[in-house]
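Asker: Okay, here's the structure, questions in a sec.
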């Protein structure tokens, strides 16, 4: 089976490709929103309030006559920005904490990991709401709050992966050529724990989109009139009977986005998992 | 005249260990892994430390590198040249490792970082201790790999460790150990993971290095064949103590201690003598 080993193994990568396709569509919409969206997301047209899907407005209009498709496309921007920054905060913070804890062990590890346990013991939404309440409501604060929610998860994963890497002989070898602790952590350990962290980041990304929507739904994230899937859903709820598309469109957008990132994460885990390789 | 008597005449040993004791605290009392070991390695000498698993030979080597687990309690004295190893600060010790003192581990495959190219790893000591840029260090790595007989080193420096065979990986580790022309190389069973033909090549290489660079080598092993092949002087360790020492010829021809005799007798041979 030379051809199979040499060529691209489609079966192994199919989840990644499918997830990547959904993610790609959403990212494309988010990045190129001003060119992709047919209308401005804030443009009012009182003559066109609560219109169903039509040739002019493919996915209908909302209670103020704004184009729902355009708002959903712009909302992708908010979701992607929030998720990207939140996951970065969680990934960087959690990885640093986890690696430090595992590497130095002892009292350092106890203090750091018990603090993480404390953070982990709050339900994610509650923790985010509390943080938002104390930080104030804005998109930036939503990013930070969601990022903090992610830190414990990443730190546990980073700690466990670091502990596995620390048992490897190349760490001993690195020490035997006189490498410093910081250099061992960043040059020897970090590259070897990146794979599981990336998988976790993809899954966290999906979760960040959901959390952001939940916060916006509760009125804590993006503030009207700026569109976000969460606040679109929240407004749409009041018009469920007359204009179901107001709820269905942002709901579908979230569904596609979260599904995409989850497939991508699962797919990457399968691809990087040595047990799955033939 | 053997190397040892020649070296003893003109000066000091490269490595001198006196009354080294290593204890590991346990819940009740402690476990003594190394018990009053004294040994010397003279310039240009290959010294074998032989013993079964748990005899304390690796602990002795790790003490010299100050790489024992933190909970170990070490006493005695270790001198490398004029430096008292056990009195150095961690930072001073770090400067010594990989520079004046290098370590070749047992399993090269697992001692190389799988995510880093060979050239960077072999050149790393030069970056750490001589402040070379990675670019110059990698070009030095090419020379080092050539010196340990890796074919086409210019091309090979860009490989990742998994692209190297077991023997080549061990050569790369040796090249890394040689980078800064250390006074002492500590090799902890460097040939155990290799098959016999590759093993012979690596031993030949170590001898060649000793002859060329006049480096002292402390060779930890449980393999008597390797000792006979390579070493000038041998220490036999058993349960944390040195039970016998002597030149290779003497140890093999007229062992004085019962344990050494047992060890020699335990070596499997292709044609066992029929008991008379």
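Asker: Mind checking which of B:150, B:248, B:196 has the largest fluctuation in a GNM of chain B, springs on alpha carbons under 10 Å?
Answerer: B:196
Asker: OK, next. For chain A, report the translational diffusion coefficient in µm²/s to the nearest whole number, using Stokes-Einstein at 25 °C, 0.890 mPa s, and a Kirkwood Rh over Cα pairs.
Answerer: The Stokes-Einstein estimate is 118 µm²/s.
Asker: Enter the mean number of other protein chain beta carbons within 10 Å of the beta carbon of each residue in A:176-188, as an integer.
Answerer: Numbers: counts 16, 18, 17, 7, 4, 2, 0, 3, 0, 0, 0, 5, 5.
The shielding value for this peptide is 6.
Asker: Then there's this: Please find the FRET efficiency linking residue A:198 to residue B:257, where r is the Cβ-Cβ separation and R0 is fixed at 45 Å, and quote it to the nearest 0.05.
Answerer: After rounding to 0.05, the efficiency reads 0.20.
Asker: Based on the alpha-carbon gyration tensor of the range A:48-104, what equivalent-ellipsoid semi-axes (square roots of 5 times the eigenvalues) come out, in whole Å, largest first?
Answerer: Three semi-axes, in Å: 45, 8, 6.
Asker: Between residue A:49 and residue A:84, take the C-beta separation as r, use R0 = 41 Å, and let me know the FRET efficiency to the nearest 0.05. Spell out each step's value before the answer.
Answerer: Details: r = 34 Å, r/R0 = 0.83.
That pair, residue A:49 with residue A:84, gives E of 0.75.
Asker: Give, to the nearest whole percent, the P(r) tail of the range A:47-167 beyond 18 angstrom, counting all Cα pairs.
Answerer: Value for the range A:47-167: 63 percent of Cα pairs lie more than 18 Å apart.
Asker: I would also like to ask the following. Hey, quick one: spin label on residue B:35, modelled 7 Å out along Cα-Cβ, who in the range B:208-236 has an amide N within reach, i.e. under 19 Å?
Answerer: Within reach of a label on residue B:35: B:235-236.
Asker: Next question, about the same structure. Return P(r) of the range B:89-214 (all Cα-Cα pairs; 10 Å bins starting at 0; whole %; ordered from short to long distances).
Answerer: For the range B:89-214, the binned pair fractions read 14, 47, 34, 5, 0 percent.
Asker: Take the range B:141-276, drop everything but the C-alpha atoms, weight them equally and run the Debye formula without solvent; then report log10 I(q)/I(0) at 0.09, 0.17, 0.21, 0.22 Å⁻¹ to two decimals.
Answerer: -0.34, -0.97, -1.29, -1.37
Asker: Could you tell me how many degrees, from 0 to 90 and to the nearest 10, lie between the Cα long axis of helix A:139-166 and the main elongation axis, the longest principal axis, of the Cα atoms of chain A?
Answerer: Here the helix axis deviates by roughly 30 degrees.
Asker: Moving to a separate point now. Do you know the relative contact order of chain B, to the nearest whole percent, from alpha carbon pairs under 8 angstrom that are 6+ apart?
Answerer: Relative contact order comes out at 25 percent.
Asker: In nm, to one decimal, how far is the residue B:95 label point from the residue B:181 one, both placed 7 Å along Cα→Cβ?
Answerer: 2.0 nm
Asker: Further, regarding this structure: One quarter of the convex hull surface, Cα atoms only: what value does that give for the range B:56-133 in nm²?
Answerer: 6.5 nm²
Asker: Another question about this same structure. At 7 Å along the Cα-to-beta-carbon direction for both residue A:21 and residue A:252, put a label point, then send me their distance in nm to one decimal.
Answerer: Here the answer is 1.7 nm between the modelled labels.
Asker: On to the next question. Compute the separation of the alpha-carbon centres of the range B:19-38 and the range A:11-47 and state it in Å as a whole number.
Answerer: 66 Å
Asker: In degrees, nearest 10, range 0 to 90: what is the angle between the Cα axis of helix B:196-213 and the longest Cα principal axis of chain B?
Answerer: 80 degrees
Asker: How compact is the range B:205-269 by the rule of thumb for globular proteins, expressed as Cα Rg over 2.2 N^0.38 Å?
Answerer: That ratio works out to 1.17.
Asker: List the relative contact order of chain A as a percent without decimals, with contacts defined as Cα pairs under 8 Å and 6+ residues apart. Intermediate values should be presented prior to the final figure.
Answerer: Values: 425 pairs, mean separation 72.8, N = 278.
Once divided by the residue count of chain A, the mean separation gives 26 percent.
Asker: Roughly what % antiparallel, to the nearest 5, for the DSSP beta bridges in the protein assembly as shown?
Answerer: Bridges in the protein assembly as shown that DSSP calls antiparallel: roughly 55 percent.
Asker: Out of all Cα-Cα pairs in the range B:3-265, roughly what percent, to the nearest whole number, are more than 35 Å apart?
Answerer: So the pairs more than 35 Å apart make up 15 percent of the total in the range B:3-265.
Asker: Provide the three semi-axes, in whole Å and in decreasing order, of the ellipsoid equivalent to the protein assembly as shown as defined by the square roots of 5 times the Cα gyration tensor eigenvalues.
Answerer: 65, 25, 20
Asker: If you don't mind, another one. Tell me, in nm to one decimal, what length is gained between residue A:107 and residue A:272 on full extension, where the rule is 0.36 nm per residue of separation less the Cα-Cα distance?
Answerer: Details: separation 165, 0.36 × 165 = 59.40 nm, distance 3.32 nm.
Additional length available on full extension: 56.1 nm.
Asker: Here is a further query. Points 7 angstrom from Cα along the Cβ direction at residue A:11 and residue A:166: gap in nanometres?
Answerer: 4.0 nm
Asker: Compute the Rg to Rh ratio over the range A:151-237 from the alpha carbon atoms, using the Kirkwood formula for Rh, and round to two decimal places.
Answerer: Result for the range A:151-237 is an Rg/Rh of 1.29.
Asker: Follow-up question, since we're still on this one. Kindly express, to the nearest 10 degrees and within the range 0 to 90, the angle between helix A:10-31's C-alpha long axis and the longest C-alpha principal axis of chain A.
Answerer: Approximately 50 degrees, to the nearest ten.
Asker: Between the alpha-carbon centers of the range A:101-163 and the range A:72-90, tell me the distance in whole angstrom.
Answerer: After rounding, the separation between the Cα centres reads 19 Å.
Asker: Choose one answer from B:114, B:190, B:125: the residue with the largest mean-square fluctuation in a GNM of chain B with alpha-carbon springs under 10 Å.
Answerer: Among B:114, B:190, B:125, the largest GNM mean-square fluctuation belongs to B:114.
Rule-based calculations on the coordinates, nothing more; no lab input. On a predicted model such as this, the values are computed, not experimentally measured, just so you know. Neighbour counts are summed over all protein chains in view; Cβ atoms, including those assigned to glycine, are modelled from backbone coordinates with ideal geometry.
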